[in-house]
Structure formats: structure tokens, C-alpha cells
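Trainee: Can you read through this structure? Questions will come right after.
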Amino acid sequence: MSAPAIRLDNLTLGYERHPAVHHLSGAFQQGCLTAVVGPNGAGKSTLLKGISGAMKPLDGTISMTAVETADMAFLPQQTQLDASFPISVLDTVCMGCWGRAGLFRSIMAGMVDQARAALGVVGLEGFENRPAGALSRGQLQRVLFARLLVQDAKVMLLDEPFTAIDEATSETLLSVIHQWHKEERMVIAVIHDMAQVREHFPQSLMLARECIDWGVTDQVLSAENLQTARDIANGWVENAAICERTEAA
Amino acid sequence: MDLLAEQFTSGPEFGRAISAAIALSFSGAPLGVFLVLRRMSLSGDVYTHILLPGVAVAFLIAGESTIALITGGLVSGLIVACLSALVARTTLLREDASLAAFYMIALASGMILLAGEDHAEELLHALFGNVFAIDGTSLLVISAVSTATLFVLAVIWRALVMESYDPVFFSSVGGGGVAVHMAFVTLIILNLVIGATALGTIMAVGLMTIPGASARFWSRDLGVMLGIAIGIALISSLGGLLSAVHMGLPPGPVIILFAGGMYIVSIIFGRFGGLIRRFRRQAHLES
């Protein structure tokens, strides 16, 4: 059994004191490939924001062993990029070199080769000099995956990477995810397509603000769990009382 | 050509004016391109107003000394810009709303400071600038700021491009978006302050944003875009100065109208998204 890499202890994340993730405890093992599932408003994106460090916990802790936030790459849901911005596809992918190059070090030929190779992996050879704004939604998602490849992070946090993406593109990008898994990188992805989760993700975390279940995918995605998640997710209590609970359910 | 030669031989004023205009074009136009790309085109105008309280205080203390006015404007500009950015990043207000509130507060404070001041008209003159009244010291300050701007822009280039294009990604890799934004805003304010002494505050904004907006029609390459913007600013400054002298008009507005003319030409004939390209029916390409 490998050591837990990211441990959540009684974690509560939220907005203006209203919890979006409530008393969540558990661990993402080193090199795990975990799907985060659950209805809209279940706190899935919030959880990724919390893990990436973009959001401070209201309560509880996130502790990491053998990784830190600098080792994480985060692909947010629906990246809204200005299509008229004058930047090429290759330059967009090269942004992934920031961790190594920073502000001053030059982007070495090796890094550019790596960026070109990453474009090849996601099936976009020959697109290097095209303006990034001229790409379709799916092609842009491929470019963002290429940028993740160049980032070379230990932990990949992907928020709905396949929403509004066609099958061929999803297949290419899923093969990238499997490659990461083989390289023992940790992948945590928010996914809505349950068939995709069953086929490609060995572990799942089902959220509906509270943890419904967390473990082997086939057990987590039971009909009973899915129904429970659906029932819980829709609540928002305007004048909710202060939560007195101190331990995770 | 005779007209040009005559201007140079009649005294140092024209030479200084030309030099100041060239310096302002080289540093202001690249900033304008980024203002447009960061959707902050209108902020430039707002930033000019936050210079007022500092300029007023400097005027009350030191009178119509150019260096004092520049320093005053710079100090109040930076303070208000920092406050506004701070509020935008720590509260629910976005940059535009935060800045809109702060600049009105700054403007009102400046007006109170100057209330009952007999020489307010002199100050107004200073705020509107006069490129032909630039003395040797001011020219030195303008050139120094312009050179420093290009240097800083070169240093922060990579971060500025990334933060402008994908701020979420930039912060996810720990790039420090606040620092980049503040460095950029500082450059804007510095250039507005020196531009104000030459062209007047509002016209100084024009020499930044109009070339920036026009350049977008001519290239999809950021480097080329900067070059085009600088070119447009240079042609406007030189053409505007000469015409202003020739026709006895105030130089600031004439320079801006020159830039405006090139903006309209860009809108109509521009290679990327220009009107003619847009409405002319062309045969489509192979799939």
C-alpha cells in the first residue's frame, strides 16, 4: 500500500460560510486515478479549487505528503480565453514551461521540442503557428492538455475536461490520462459521464456536498448512491444555523 | 521640407517637442496595445483623473514646477491604483467598479484642495500641457521614463503576456498576477504623467490607446502589433506637430486627430476584421 499523498481531514470548503464541501475526510493515494462524480452543485469544482490551493478551507485541513501545491497542474472548467488574443498555439503550449523557466530563464530549444512533441501526442502536429483563437473548442482543449503535458506536474486536477468535447477528442485525451497514470502521476478529474468513469477510472469519489462514497468505482456508482446524491444536492438553506458538527460523517 | 527646416532653426522649442513626441510614442503605444488586450482601454482615461489630488498638493506646495507636478501626480496615481487593485482582489467588487469609485473620490479630493485657489487656471494649463513649452529638464524626465518603460516591459514581457491571455492559468502556476498587474499599471501612470506635461492628460491617453486599438486590425502577431502601434504613434506625433505649427492650432488635439484618422483607416481597410474585408464577398477556400 503506497503512502497517502493528499489527505483531507474533516474538510469544509464554501462560500460566505455556506459549505459547498462539508466535513469531507479521506485520502487520495499516490498515483491514483480518481473520478469525482456527483450532481451539479455538489461541490466538485470547489474541492479541486481547495486542493489546488486557490481556496482556503472554512474548516478542517488538507495535508500533503511527497507533493506540494507547486507540483500540481489545474485545468479549470470552461477556460474562457480571448479568441482574438494574438498568440500562437505553440506559444500557448510553451506557457507550461513557466515552472522551469519563470520570468527570466530562456525557453530552451529542448522545451520547445517538448512543446512540439506534446502537440503531437494530442494529435495537433502542424498547428504550431496557427493563432490559438482560430481553434475549435475541442482543438483548444487538446492544446490545454498539451500545456499540461509540458507542465510535467505530479498531480493533475481536471475539472470537467470532456464536457462539450467529441468522442474522438475524448479518446485521445483519455489516452493521455492513462499515460499519466502509468507514470504514477496522480489524476483527479471531475467527470459527468458515468460510462466513462466506469471504463477509465478505477477509483471514484461521489460528492453531494457531503461524501456519499469514496473507493472502488463499481461500488461507489451504485444505483442507491446515485439516488442519494441527487436528493441531497439541491438544498440551500438561506438562514442555516451554525454547524456544530466536529467530525466527518 | 522648407517648413520643417524653418522650425528647427527658429529655436530649440520645436526640436524638444519632436523629441518628446518620439519618446512618448515609443513607450506609450506598446502600453496601449496591452491596455486594449487586457480590456482596460477605458481605464487609461480613468487613471488620468487619479493624478489630480497629487498634482494639486504639489501645486500648492511648489507652484508650477514641472518636476513637482510630475512627482505629485505619480504619487497619488500609484496610491489610488494600488488601493483599487487591492479592493478588486480582496472583495467582491471587480476592478472596474472599484476603480470607478476610487477615481471619483480622487477627483473630488483634488477639487476641494484647489477650491479658492487663485492660480487654479495656471494649474489647468499645466494639466492640459503644452508640447512647445517643454524645457530641457522635462525632456530629460520624459526620455528617462520612456527608456525605463521599454526596459521594464522587456523584463516583465513573458509574465504580462501570460497574465493578459490566461490569468487563471498564470495564478495556478504561482505566477504572481498582482505583481504583474501593478507593474503594468505603474508603467501606465508614469507614462500618463509625462504625457500630461507634453500633451495634456487626456490627449496622453489618446496616444496610447488609439495606436493600440488600430494595430489590432493589421496583425495577429503581438510583436508586429507593437511595431505597428509605435509606427502609428510616431506618424501621428510628427504629422500632428507639423500641422499644428503650420495652422496655428493646439498640438495635443491635432496629434490625436491624426491618430484618429489612422484608426478610421484601420477600421475600414484593416487586414483582420476590417470593414471592407468583412463585407466584400470573396470565394471561399478549399476545406
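The values are calculated or read from the model by the stated rules, or taken from the named source; none is laboratory data. In this text, all values refer to a predicted model and were calculated from it rather than measured experimentally. All Cβ positions, even for glycine, are placed from backbone atoms using ideal geometry, and neighbour counts span all protein chains on display.
Trainee: Kindly indicate which of B:Gly73, B:Gly32 is at pLDDT 85 or above, more than 30 Å from A:Pro86 (Cα to Cα) and of a type outside the set (A, V, I, L, M).
Mentor: After applying the criteria, what remains is B:Gly73.
Trainee: Considering only residues of segment B:61-81 that are loosely packed, with under 15 Cβ neighbours inside 10 Å and in a helix (DSSP H, G or I), which is nearest to the chain's Cα centre (by Cα)?
Mentor: Step one: of segment B:61-81, the residues loosely packed, with under 15 Cβ neighbours inside 10 Å are B:61-64, B:67.
This time we only want the ones that are in a helix (DSSP H, G or I), so: B:61-62, B:67.
On the way: B:Ile61: 27, B:Ala62: 25, B:Ile67: 19 Å.
Here the residue is B:Ile67.
Trainee: May I pose another question? Name the residue that is farthest from the other protein chains (Cβ to nearest Cβ), counting only residues in segment A:66-108 that are of a type in the set (D, E, K, R) and crowded, with 16+ Cβ neighbours inside 10 Å. Walk me through it before giving the result.
Mentor: Here is the first cut: in segment A:66-108, the ones of a type in the set (D, E, K, R) are A:68, A:71, A:82, A:91, A:100, A:105.
Still in the list and also crowded, with 16+ Cβ neighbours inside 10 Å: A:71, A:91.
Details: A:Asp71: 11, A:Asp91: 8 Å.
For segment A:66-108, the residue satisfying everything is A:Asp71.
Trainee: Ok, one more. So which residues in segment A:16-40 are more than 25 Å from A:Ile177 (Cβ to Cβ) and touching a residue at least 24 places away in the same chain (Cβ under 8 Å)?
Mentor: Across segment A:16-40, the qualifying residues are A:Arg17, A:His18, A:Pro19, A:Ala20, A:His22, A:His23, A:Ser25.
Trainee: Moving on to the next point. Do we find that B:Leu153 is under 28 Å from B:Ile267 (Cα atoms), within 14 Å of another protein chain (Cβ to nearest Cβ), under 15 Å from the mean Cα position of the chain (by Cα) and assigned to a helix (DSSP H, G or I) in this structure?
Mentor: It is true that B:Leu153 is under 28 Å from B:Ile267 (Cα atoms), within 14 Å of another protein chain (Cβ to nearest Cβ), under 15 Å from the mean Cα position of the chain (by Cα) and assigned to a helix (DSSP H, G or I).
Trainee: Name the residues in segment B:34-60 that are part of a helix (DSSP H, G or I) and within 17 Å of the chain's Cα centre (by Cα), would you? Show your work before the answer.
Mentor: Here is the first cut: in segment B:34-60, the residues part of a helix (DSSP H, G or I) are B:34-37, B:43-49, B:52-60.
Result: B:Phe34, B:Leu35, B:Val36, B:Leu37, B:Ser43, B:Gly44, B:Asp45, B:Val46, B:Tyr47, B:Thr48, B:His49, B:Leu52.
Trainee: With the requirement that a residue be more than 12 Å from A:Pro57 (Cβ to Cβ) and modelled with pLDDT under 90, what does segment A:1-37 give you?
Mentor: Selection gives A:Met1, A:Ser2, A:Ala3, A:Pro4, A:Ala5, A:Tyr15, A:Glu16, A:Arg17, A:His18, A:Gln29, A:Gln30, A:Gly31.
Trainee: Looking only at segment A:123-148, which residues are more than 14 Å from every other protein chain (Cβ to nearest Cβ) and part of a helix (DSSP H, G or I)?
Mentor: Scanning segment A:123-148 gives A:Arg137, A:Gly138, A:Gln139, A:Arg142.
Trainee: So is A:Gly60 surrounded by 17 or more Cβ atoms within 10 Å (Cβ to Cβ) and either under 30 Å from B:Arg216 (Cα atoms) or within 12 Å of chain B (Cβ to nearest Cβ) (or both) or not?
Mentor: On the way: surrounded by 17 or more Cβ atoms within 10 Å (Cβ to Cβ): yes; either under 30 Å from B:Arg216 (Cα atoms) or within 12 Å of chain B (Cβ to nearest Cβ) (or both): no.
So A:Gly60 fails the test.
Trainee: Please find, among A:Arg100, A:Arg105, the residue that is over 19 Å from the mean Cα position of the chain (by Cα), farther than 28 Å from A:Gln203 by Cα and outside any loop (DSSP other than H, G, I, E, B).
Mentor: Among A:Arg100, A:Arg105, only A:Arg100 is over 19 Å from the mean Cα position of the chain (by Cα), farther than 28 Å from A:Gln203 by Cα and outside any loop (DSSP other than H, G, I, E, B).
Trainee: Moving on to the next point. Do we have A:Ala20 as surrounded by fewer than 19 Cβ atoms within 10 Å (Cβ to Cβ), out of contact with any Lys or Arg (no Cβ under 6 Å at 6 or more places or on another chain) and either within 14 Å of chain B (Cβ to nearest Cβ) or among the small types (Gly, Ala, Ser) (or both) here?
Mentor: So A:Ala20 fails the test.
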